[in-house]
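Participant: Here it is, the structure, as structure tokens.
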Amino acid sequence: MNSSKFLNCLDPDFQKDLKAEIKDLIFVEVRKIRREDLKNFVEAYLISYRGLEEYAYKTRREIKNYFNWLLKRDESGFMVAEMDSKTVGFIACDANWLSLFELKKVCEIHEIFVLPDFRKRGIGSKLLRSALFHALNMKRDLMELWVGEGNHFARLFYERNGFRGVNKVGKWVRMIREIQTTSLEECADRDLNPGQGLGKPLC
Ligand SMILES: CC(C)(COP(=O)(O)OP(=O)(O)OC[C@H]1O[C@@H](n2cnc3c(N)ncnc32)[C@H](O)[C@@H]1OP(=O)(O)O)[C@@H](O)C(=O)NCCC(=O)NCCS
């Protein structure tokens, strides 16, 4: 059965919802960051962290410095999600990070956010898969991040994406996720292709 025949068998309301979701997902592209993304990063950061200010930078100057720091840490792990050329989210994944807890280089997720109007469509998960792809490329075997203790939604989001909490320092929870070679299946094909500038994994 081809896909349009399959869609026509479904309840019309469900068909409409499904088509809208498919359309949204098709148009989300993840590409490597460019310096010109700075302005969009600052604006999107401020909107995305509304209500979570205790875990975020507050001033435009701090956020600009943060953008430049992320760029210096690992430019190829810093990516942006776009939908119809509109910026909808960012991820910064640093494969050069030396974890003081693991005593080895890990893929550190310093940052991930999606604009509130574009959440719950799989964009955050897609950004995480892009980071996983980068980690595989860099031959890292662990992803690590720190999330605000009270950022319950993000903590659940990470757990659903294979992370688990391992330590707590002050108001921050450290979460990790092992990377296996089988993780490649998760980020293969549909999300990432060389045309989007992310290249093929080396392993
Ligand atoms: C955490 C964050 C990045 C998640 O982004 P997102 O784009 O909403 O993530 P996803 O859509 O992939 O997943 C979120 C939920 O939507 C659901 N979802 C995914 N695709 C969906 C779809 N097509 N339709 C409906 N729901 C969907 C997922 O099941 C998931 O729910 P769950 O976590 O209960 O399983 C986003 O909430 C955010 O920017 N938060 C503020 C910044 C922040 O806290 N960053 C982390 C700092 S450590």
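The values are calculated or read from the model by the stated rules, or taken from the named source; none is laboratory data. Quantities reported herein were computed from a predicted structural model and do not represent experimental measurements. Cβ placement follows ideal geometry from the backbone for every residue including glycine, while neighbour counts extend to all protein chains displayed.
Participant: Across segment 59-85, what is the number of residues that are at pLDDT below 95 and on the phi < 0 side of the Ramachandran plot?
Facilitator: The number of residues fulfilling the criteria is 1.
Participant: Can you name the condition, by its number, that Asp117 falls short on among (1) charged (D, E, K, R); (2) at pLDDT below 95; (3) within 15 Å of the ligand (Cβ to nearest atom); (4) surrounded by fewer than 16 Cβ atoms within 10 Å (Cβ to Cβ)?
Facilitator: Of everything listed in (1) charged (D, E, K, R); (2) at pLDDT below 95; (3) within 15 Å of the ligand (Cβ to nearest atom); (4) surrounded by fewer than 16 Cβ atoms within 10 Å (Cβ to Cβ), Asp117 misses just condition (2).
Participant: Answer yes or no: is there a residue in segment 87-103 that is of a type in the set (Ser, Thr, Tyr), within 30 Å of Asp17 (Cβ to Cβ) and modelled with pLDDT under 95.
Facilitator: no
Participant: Next question. Here is a list of conditions, (1) out of contact with any helix residue (DSSP H, G or I) (no Cβ under 6 Å at 6 or more places or on another chain); (2) buried (at least 19 other Cβ atoms within 10 Å of the Cβ), and Arg129 meets all of them except one; can you say which number that is?
Facilitator: Of (1) out of contact with any helix residue (DSSP H, G or I) (no Cβ under 6 Å at 6 or more places or on another chain); (2) buried (at least 19 other Cβ atoms within 10 Å of the Cβ), only one is false for Arg129: (1).
Participant: If you don't mind, another one. Are any of the residues in segment 132-153 on the phi > 0 side of the Ramachandran plot, more than 9 Å from the ligand (Cβ to nearest atom) and of a type outside the set (S, T, N, Q)?
Facilitator: yes
Participant: Let me ask something else about it. For Ser125, work out the one condition from (1) within 15 Å of Lys32 (Cα to Cα); (2) near the ligand (Cβ under 9 Å from one of its atoms); (3) of a type in the set (Gly, Ala, Ser) it doesn't fulfil.
Facilitator: (1)
Condition check ((1) in a strand (DSSP E or B); (2) modelled with pLDDT of 95 or more; (3) aromatic (Phe, Trp, Tyr); (4) farther than 23 Å from Lys120 by Cβ) across all residues:
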| residue | (1), (2), (3), (4) |
| --- | --- |
| Glu159 | no, yes, no, no |
| Lys168 | yes, yes, no, yes |
| Val173 | yes, yes, no, no |
| Arg177 | yes, yes, no, no |
| Thr181 | no, no, no, yes |
| Gly195 | no, no, no, yes |
| Cys203 | no, no, no, yes |
